[in-house]
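The values are calculated or read from the model by the stated rules, or taken from the named source; none is laboratory data. Small disclaimer: the values here were computed from a predicted structure and weren't measured. Neighbour counts run over all protein chains shown; Cβ positions are idealised from the backbone, glycine included. Calculation scope for accessible area: heavy atoms of the full protein, side chains included, ligands and nucleic acids excluded. Shrake-Rupley method; radii C 1.70, N 1.55, O 1.52, S 1.80 Å.
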Amino acid sequence: MPGKKVCIVGSGNWGSAIAKIIGHNVKASNRFDPMVNMWVYEEMIDGKKLTEIINTEHENVKYLPGHKLPKNVVAVPDITEAVKGAKILVFVIPHQFIGKLCDQMKPHIAEGAIGISLIKGIDEGPEGLTLISDIIREKLQIDVSVLMGANIASEVADEKFCETTIGARNEANGHIFKELMQTPNFRIAVVRESDTVELCGALKNIVAVGAGFCDGSVSSTTFLESCGVADLITTCYGGRNRKVAEAFVRTSKSIAELEAEMLNGQKLQGPQTSAEVYKILKKRDMVNKFPLFAAVYQICFEGRQVKEFITCLQNHPEHL
Ligand SMILES: NC(=O)c1ccc[n+]([C@@H]2O[C@H](COP(=O)([O-])OP(=O)(O)OC[C@H]3O[C@@H](n4cnc5c(N)ncnc54)[C@H](O)[C@@H]3O)[C@@H](O)[C@H]2O)c1
Ligand SMILES: O=P(O)(O)OC[C@H](O)CO
């Protein structure tokens, strides 16, 4: 039986780091087709198409400079072309672009395809919060797992040791993704609580913004996986969300200006996730119960002073 074709949907900082791993791993297993498609949002770099640069120099010079990608990773600018025949879809784009992209992919999804989302973010749905994996499930009608962890793309590309968590409703699929992405220095645990894993990945981005400025039916053990507390600490010390938030305090520039200036096209997920969560909290009259999330949003978008940040903790409902 031929191996399953893999398509990586996205090619930013994390997308390129994971492409480096996937490109190597598919060659070592007959479960997968040895050629991998990587969908690239096309852009011009010094008069040359980014896809052409990747396919000739085997390096994503804009989003992961200094790292060679395996030659079997082929950059494809057309999403319909990229997903053709792919049985394994790895979603790794900033969350704000997922809906539109799924709509473009929908008519071209191979029968029996499965997906995994590496995207940290949430969306606002008619009934409150919508997970990014739910958007993919609903639009494409495929099984979707998630992968979230304490993983800074450049460190993973440098082959520094770190762990990560796959949340898979279908455990067998979770193990296929583990085979696709695990390496000696990128260790993967598979758990069933996919939604908890994904929420950890999304909400830590808001806390990371806060760090720059200065419950229920789920099993709490999931928070002890890489996607939980470990990712929170990692992102608060070393991530882009905290770096930009720190610069926000030191300059009088807006988050949008700083993102454009400091990240060379990379996208922050924390401020936007704080706005999405704030809208949901407001609709449900729950803003007071989440003072940290609310304060991050208000500082990012409503002109609230950073020096008032600590007030949000002083006024935490548990202390009143
Ligand atoms: N970078 C990390 O260290 C890291 C680690 C773990 C998880 N993540 C998560 O991975 C996801 C993707 O992040 P990333 O770091 O790979 O991306 P990135 O922020 O480095 O890059 C932005 C990407 O978005 C693309 N893009 C720009 N405009 C677009 C459009 N209109 N439509 C579609 N794509 C467009 C760009 O071409 C680029 O590939 C995010 O949810 C992020 O939170 C990132
Ligand atoms: O650089 P950040 O803040 O987007 O965080 C990157 C990763 O999510 C950390 O695990």
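Pairs meeting the criteria (first residue in segment 141-166 and hydroxyl-bearing (S, T, Y) and open to solvent by less than 10 Å² (accessible area, probe 1.4 Å), second residue within 14 Å of ligand 2 (Cβ to nearest atom) and part of a loop (DSSP other than H, G, I, E, B), beta carbons under 9 Å, at least 6 apart or on different chains) are T164/G149; T164/A150; T164/N151; T164/E225; T165/G149; T165/E225.
Considering R187, R240, which residue is touching a Leu at 6+ places or on another chain (Cβ under 8 Å), under 23 Å from L69 (Cα atoms) and open to solvent by 40 Å² or more (accessible area, probe 1.4 Å)?
Values: R187 fails: touching a Leu at 6+ places or on another chain (Cβ under 8 Å).
Criteria check complete, one pass: R240.
Every condition in (1) open to solvent by 10 Å² or more (accessible area, probe 1.4 Å); (2) within 11 Å of ligand 1 (Cβ to nearest atom); (3) under 17 Å from N205 (Cα atoms) holds for L129 except the one numbered (2). Exactly one residue out of I136, I98, I122 is surrounded by fewer than 24 Cβ atoms within 10 Å (Cβ to Cβ), within 19 Å of the chain's Cα centre (by Cα) and closer than 30 Å to K283 by Cα: that is I98.
Just so you know, in segment 1-56 the residues that are among the hydroxyl-bearing types (S, T, Y) and more than 16 Å from ligand 1 (Cβ to nearest atom) include one that is least open to solvent (accessible area, probe 1.4 Å), and it is S29. Within segment 152-191, the set of residues being among the polar types (S, T, N, Q), out of contact with any Asp or Glu (no Cβ under 7 Å at 6 or more places or on another chain) and within 18 Å of K120 (Cα to Cα) comprises S154, T164. The listed residues are A172, A208, A202, A260, and the only one of them that is open to solvent by 60 Å² or more (accessible area, probe 1.4 Å) and within 14 Å of ligand 1 (Cβ to nearest atom) turns out to be A260.
Looking at F177, is it within 16 Å of ligand 1 (Cβ to nearest atom), open to solvent by 50 Å² or more (accessible area, probe 1.4 Å) and over 15 Å from the mean Cα position of the chain (by Cα)? Against the criterion (within 16 Å of ligand 1 (Cβ to nearest atom), open to solvent by 50 Å² or more (accessible area, probe 1.4 Å) and over 15 Å from the mean Cα position of the chain (by Cα)), F177 does not qualify.
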